[in-house]
Protein chains: 8
Amino acid sequence: VNPLVSVVMGSDSDLPTMVECVKALQTYEISYEVLVLSAHRSPEQTTAFARQAEARGVRVIVAGAGGAAHLAGVIAAHTSLPVIGVPIDSSPLAGFDSLLSTVQMPPGVPVATVGVGKMGAKNAAHLAARILALESKGLSERVKEKQRQMTEDVLKIATTLPAKLKELLDKKA
Amino acid sequence: VNPLVSVVMGSDSDLPTMVECVKALQTYEISYEVLVLSAHRSPEQTTAFARQAEARGVRVIVAGAGGAAHLAGVIAAHTSLPVIGVPIDSSPLAGFDSLLSTVQMPPGVPVATVGVGKMGAKNAAHLAARILALESKGLSERVKEKQRQMTEDVLKIATTLPAKLKELLDKKA
Amino acid sequence: VNPLVSVVMGSDSDLPTMVECVKALQTYEISYEVLVLSAHRSPEQTTAFARQAEARGVRVIVAGAGGAAHLAGVIAAHTSLPVIGVPIDSSPLAGFDSLLSTVQMPPGVPVATVGVGKMGAKNAAHLAARILALESKGLSERVKEKQRQMTEDVLKIATTLPAKLKELLDKKA
Amino acid sequence: VNPLVSVVMGSDSDLPTMVECVKALQTYEISYEVLVLSAHRSPEQTTAFARQAEARGVRVIVAGAGGAAHLAGVIAAHTSLPVIGVPIDSSPLAGFDSLLSTVQMPPGVPVATVGVGKMGAKNAAHLAARILALESKGLSERVKEKQRQMTEDVLKIATTLPAKLKELLDKKA
Amino acid sequence: VNPLVSVVMGSDSDLPTMVECVKALQTYEISYEVLVLSAHRSPEQTTAFARQAEARGVRVIVAGAGGAAHLAGVIAAHTSLPVIGVPIDSSPLAGFDSLLSTVQMPPGVPVATVGVGKMGAKNAAHLAARILALESKGLSERVKEKQRQMTEDVLKIATTLPAKLKELLDKKA
Amino acid sequence: VNPLVSVVMGSDSDLPTMVECVKALQTYEISYEVLVLSAHRSPEQTTAFARQAEARGVRVIVAGAGGAAHLAGVIAAHTSLPVIGVPIDSSPLAGFDSLLSTVQMPPGVPVATVGVGKMGAKNAAHLAARILALESKGLSERVKEKQRQMTEDVLKIATTLPAKLKELLDKKA
Amino acid sequence: VNPLVSVVMGSDSDLPTMVECVKALQTYEISYEVLVLSAHRSPEQTTAFARQAEARGVRVIVAGAGGAAHLAGVIAAHTSLPVIGVPIDSSPLAGFDSLLSTVQMPPGVPVATVGVGKMGAKNAAHLAARILALESKGLSERVKEKQRQMTEDVLKIATTLPAKLKELLDKKA
Amino acid sequence: VNPLVSVVMGSDSDLPTMVECVKALQTYEISYEVLVLSAHRSPEQTTAFARQAEARGVRVIVAGAGGAAHLAGVIAAHTSLPVIGVPIDSSPLAGFDSLLSTVQMPPGVPVATVGVGKMGAKNAAHLAARILALESKGLSERVKEKQRQMTEDVLKIATTLPAKLKELLDKKA
């Protein structure tokens, strides 16, 4: 059975960031595949992947890259599927380079850009889930359930705050 | 009949930017509505809108705002629909503020961010079309047709380049 | 007895920063409460908190958040109390994102923004004290006493400088 | 009778920005004075002003400046009143300089910073009103009334949107 | 006869910038062609162009683009010729986006990046001339002659400075 | 008689900025010369100028340049006189490039950097005056007189503020 | 026998970055020399080096520097060889200073700028190889072979991804 | 005997940076004093220091501060001596805040700004030496000697490069 989401990255050094996307996809029970594809170092494979993804049953592509992060944009140019871009902070410029390279796409070739680094990698999964939920009642329920869970988690954390605060205040005293 | 895409903006001064989104949606024949909703000045209406959008049949929400652009994020917190954020360059800080306010969302509340200004407003429509195309064969065809058209347009422009170049070279001579 | 200052934060990972606010409030003997509230993950609780704060006797709200830091702005939209925003440097973008998301608020919904990180968390308490001192002669005296103390501290540090300088010069020699 | 709010600015070239603060204060019927004071060019007058403001009955000081905007910080060092800083975008660096110079104050000398330029100048008035409302039931009512008005204005604007949109779409057609 | 330099750009709206490159190439009598090719909107043509350029006799490729400027990088991925990238300031972000998107390329796929806008477009031609001069004694002489000319121009301008200065001083008096 | 201050700039297009330096030097009655010298286009003349300046009686060098502004740094490398750098905002990057290129000099080759653009050009003259005043009682008096004058000017402007404010308020009403 | 590429750097503290350039040159079997030359601290040697490089048989110069990185630009002003600039992230400003100081050169004195830090140092070698390959069939073959190798490496890495992903997922579980 | 240079800093936490200035002053045998003075926390002492410095025989003031670094500017407002500003990178914003707060001073109140952090602290001493050398033949000789020494140091380092390079290449092999 083919995966619904392709998680691609420009280098295996991006994996510690992108694994956050994979873990979040798992919590939604969304099928996925994980690939290393470089817009610049394996351009033909990247283009071929992008062209064939839809026919293979892929519905959403998540692409993470650092530096001059062209991966998401190049894939978006060769598919009509929605492409989510994750800017990775792997250069000395702290992710400003990958963010601007990913988000400032020309009209007609959109990349749905999420935040820089692990935070963004997680949100790529959450965004993919929202998109896929449009055509799956079950997934739509899981997204809503997850939002409720997220709220409950925040509320539970809230109850642990006094103890954590006390610990910090004591430690510094 | 209910619209598939809600195009919302924080102020009517954002309309000259967001009209680019509307025009691009029209070319796809995607039904839409256009609303002014402020995360800060009409927060209850914004929250109510976000909560009811899915039940009203809306599938994708596009939210454009400038400055500390919270609109897309606040809407994403109250719906499980995909939300596309358009950072608008309406403050002296050239859109760096609206871009960062829109894209750097915490895990679980993703905003699919596109580029700053009119370029981004257009791409919000193109991204919405790609998402909606997942469940509409007709729209999927129109997206692909549009991509082909876009390519043809670039190729046509290419043929007019020598004349334009000559004009520029002559003018400056 | 109800607290005068609510110190809220978007996540318990913000606590090591925001504890600096708490410690500074303690030196003023200002009553406070500390809460985790997320503009995006527990929006209803956040809105409810903001709407009820004034009636509960809260006079000033301090809100700290990182990334696309909407917390202070969203709270300011639902209360007429003064809201102080602390941008936290928790994303790879070093706090530029949280600073711009907090300070660039639209007209009518002001957030009194202080500096990024722990420095700002401390100043949120000092700013709250200045505001509350407007209606409390005792607190006004404590603020002034604190300013004198601060000056004395700097002067005392000045007397220890020669020894510290000598140590650094010797070490590097 | 003495004014409650002092609106000071570093140069009369800042007046077109700071007049937005004055106009917003007028809508609240808050008494004010407007002064030109330079942290660098009339430092003694600035210091004297800051030291005497509280005794003169001033409750909140709003200080607007551009470039290396030290005015708000220097005033905050010489008073225990709350000081609101308005960064003005008068240098080629678009207000990044005045924003960082105003907001990044050391612990103990807080400046309540609002947004860059006219947007911030307006919010300085709204923030002053929220602070002053803590000790004035009448003003508190006006702040709340203003918030309601602001919401109504947005809702009214919303009704005019279809016509404006049509005009823009027709013009471009 | 085939051109030595290909000047490509992502859109004909880049022509007013890139014409500066053409004019500078003309002063060196270097043969050139000018093409519109979009990394995103005509990706196949761009890839085909890049792959065939060397066989067609092209020696250096100059690629100008704005926003998320992927053009130079994508071309560099499909050729082993030297590629010069010109970041164009066509988005609200003043060219910071195109600069970072062009220069921060991953190892193995270098783009020789020049400055933002017209200044960079001119330098792309000067850089191409320096590269081509390595294999052409005649061109090497023209490059050196041009450098001498440039120096003479500066020295000549120097002689006109007193008059220009006087004019400015008089006007302002 | 030789000038005490050399005002040099990288191009005659910098003159409208640097004339502000000249005008301020005139108010101090400091002798000056104005030269166009390019670190890159007339490097030998620049080096020769820097090497000979001290022997010619020059005491302070002011160097203004835009973009990758190397002029002040290159001159500082060839003289032991104090060199003041004026970053000029002539590229699309708003002066961030010239500021960083001028100020971030390596240890041993300092450039006394002032603000970006006309504001900085004026301050280059004021800084030169402060340096030269160390060895001239007369000039020291003029600097102090100028500071007093500056204060008086601010105070005088203060008296005109009510009328200007009224005009602005009336106009907008 | 003389080297084809000169690798120069402003300080020996830049060597850990620039060694990446050397290692990449070795893989191409391109002859090189490595020199410390400072635009500011040994300007005469730098100028002399630049003037004599071509006569010594050098074909491409790679210059790495941090902070106000003038080295590449100053060398480009004294030679007609192609100069590649490597911005090094050695100051607190993360390489934004060295990048802008290197790339924003005035017309006529181009610096072929590559990315910040080690990534850029590697690409300087790859760019030099592409330039030198224009006149060497053997090197042209090695460049193409290297590109193929690079692609194969990415494809090989791709096969190891599932194991790496599993390890990361297990570790975090 | 009174010192010629006052080295002041906003906090003793700035000492590890400013000690670099002290060490460089020592190599010139320039007399100095080191003081902690805060523009905001001990403003009266700072103002008094600035006003009395000249009468005490001080010729140049070096002021280092982080964050909203007002120290140098405030001192410059109360003295007619040349003031050198050292921006310190002590906040999360990497020194962009202290650089802009120090350099962007209004006309008439110049601060001679040097680079961010230790590099700048050293250059403050070198700049002070250049200024003081204008009135001291002996110091002028020492500055020139130092420049020669600096050049010799670079040349000596150059001779050690092959060994260092070999070590790095071997280590990585």
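The values are calculated or read from the model by the stated rules, or taken from the named source; none is laboratory data. Just so it is clear, the model here is predicted, and its values are computed rather than measured. Cβ placement follows ideal geometry from the backbone for every residue including glycine, while neighbour counts extend to all protein chains displayed. For the accessible areas, the whole protein counts, side chains as well, though only heavy atoms, and no ligand, DNA or RNA atoms are used. Shrake-Rupley method; radii C 1.70, N 1.55, O 1.52, S 1.80 Å.
Could you please find all residues in the range C:107-118 being within 27 Å of D:MET18 (Cβ to Cβ) and either of a type in the set (A, V, I, L, M) or touching a residue at least 60 places away in the same chain (Cβ under 8 Å) (or both)?
Start the filter on the range C:107-118 by keeping residues that are within 27 Å of D:MET18 (Cβ to Cβ), which leaves C:107-116.
Passing the criteria: C:VAL109, C:VAL111, C:ALA112, C:VAL114, C:VAL116.
Given the condition facing chain E (nearest Cβ under 9 Å) and either under 13 Å from the mean Cα position of the chain (by Cα) or in contact (Cβ under 8 Å) with a residue 40 or more places away in the chain (or both), answer yes or no: does some residue in the range G:148-161 qualify?
No, the range G:148-161 has no match at all.
Counting just the residues of the range F:89-118 that are among the aliphatic types (A, V, I, L, M) and over 17 Å from the mean Cα position of the chain (by Cα), which one comes out most open to solvent (accessible area, probe 1.4 Å)?
Checked the range F:89-118; the qualifying residue most open to solvent (accessible area, probe 1.4 Å) is F:ALA94.
Picking from B:GLU135, B:GLU167, B:GLU152, which residue would you name as being out of contact with any Phe, Trp or Tyr (no Cβ under 7 Å at 6 or more places or on another chain) and outside any helix (DSSP H, G or I)? Even if it seems obvious, please write down each step before you answer.
Numbers: B:GLU167 fails: outside any helix (DSSP H, G or I); B:GLU152 fails: outside any helix (DSSP H, G or I).
It is B:GLU135.
Going by the structure shown, is H:SER136 touching a Lys or Arg at 6+ places or on another chain (Cβ under 6 Å), surrounded by fewer than 24 Cβ atoms within 10 Å (Cβ to Cβ) and among the polar types (S, T, N, Q)?
No.
In the set H:ALA55, H:ALA63, H:ALA48, which member is of a type outside the set (D, E, K, R) and buried (at least 24 other Cβ atoms within 10 Å of the Cβ)?
Working: H:ALA55 fails: buried (at least 24 other Cβ atoms within 10 Å of the Cβ); H:ALA48 fails: buried (at least 24 other Cβ atoms within 10 Å of the Cβ).
Of the residues listed, the single one that is of a type outside the set (D, E, K, R) and buried (at least 24 other Cβ atoms within 10 Å of the Cβ) is H:ALA63.
Going through the range B:2-17 one residue at a time, which ones are closer than 18 Å to B:ILE88 by Cα, out of contact with any Asp or Glu (no Cβ under 8 Å at 6 or more places or on another chain) and not in a helix (DSSP H, G or I)?
Once the filter is applied, which keeps residues that are closer than 18 Å to B:ILE88 by Cα, out of contact with any Asp or Glu (no Cβ under 8 Å at 6 or more places or on another chain) and not in a helix (DSSP H, G or I), the range B:2-17 yields B:VAL8, B:MET9, B:GLY10, B:SER11.
Can you say whether H:LEU99 is touching a Leu at 6+ places or on another chain (Cβ under 9 Å), modelled with pLDDT of 95 or more, of a type in the set (A, V, I, L, M) and closer than 18 Å to F:THR102 by Cβ, as far as the supplied structure shows?
On the way: touching a Leu at 6+ places or on another chain (Cβ under 9 Å): yes; modelled with pLDDT of 95 or more: yes; of a type in the set (A, V, I, L, M): yes; closer than 18 Å to F:THR102 by Cβ: yes.
For H:LEU99, the condition - touching a Leu at 6+ places or on another chain (Cβ under 9 Å), modelled with pLDDT of 95 or more, of a type in the set (A, V, I, L, M) and closer than 18 Å to F:THR102 by Cβ - is met.
Being open to solvent by less than 10 Å² (accessible area, probe 1.4 Å) and among the hydrophobic types (A, V, I, L, M, F, W, C) is the filter here, so list the residues in the range H:119-133 that pass it.
Within the range H:119-133, H:ALA121, H:ALA124, H:ALA125, H:LEU127, H:ALA128, H:ALA129, H:ILE131, H:LEU132 qualify.
Name the residues in the range A:86-140 that are under 12 Å from A:VAL60 (Cβ atoms) and facing chain B (nearest Cβ under 7 Å), would you?
Matches in the range A:86-140: A:ALA112, A:HIS126, A:LEU127, A:ARG130, A:ILE131, A:ALA133, A:LEU134, A:GLU135.
Look at C:VAL7 and say whether it is crowded, with 21+ Cβ neighbours inside 10 Å, in contact (Cβ under 8 Å) with a residue 12 or more places away in the chain and in contact with a Phe, Trp or Tyr (Cβ under 7 Å, 6 or more places away or on another chain).
Here the answer is yes, as C:VAL7 does meet what is asked.
Does B:ILE84 satisfy being touching a Ser or Thr at 6+ places or on another chain (Cβ under 6 Å) and among the β-branched types (Val, Ile, Thr)?
No; evaluated as a whole, the condition is false for this residue.
Answer yes if at least one residue in the range B:155-167 is within 22 Å of A:LEU134 (Cβ to Cβ), open to solvent by 10 Å² or more (accessible area, probe 1.4 Å) and among the basic types (Lys, Arg), and no otherwise.
No, the range B:155-167 contains no residue that is within 22 Å of A:LEU134 (Cβ to Cβ), open to solvent by 10 Å² or more (accessible area, probe 1.4 Å) and among the basic types (Lys, Arg).
Which condition number in (1) within 10 Å of chain G (Cβ to nearest Cβ); (2) over 26 Å from G:VAL60 (Cα atoms) is the one that E:LYS164 fails?
The number of the failed condition is (1).
When the residues of the range A:74-85 are filtered to those that are over 14 Å from the mean Cα position of the chain (by Cα) and more than 8 Å from every other protein chain (Cβ to nearest Cβ), which remaining residue is surrounded by the fewest Cβ atoms within 10 Å (Cβ to Cβ)?
This residue is A:THR79.
Specify which of the listed residues (F:PRO92, F:PRO107) is in contact with a helix residue (DSSP H, G or I) (Cβ under 8 Å, 6 or more places away or on another chain) and assigned to a loop (DSSP other than H, G, I, E, B).
Answer to the selection: F:PRO107.
Looking only at the range D:18-73, which residues are under 26 Å from C:ALA133 (Cβ atoms), within 15 Å of the chain's Cα centre (by Cα) and assigned to a helix (DSSP H, G or I)?
D:MET18, D:CYS21, D:VAL22, D:ALA24, D:LEU25, D:LEU71, D:ALA72, D:GLY73
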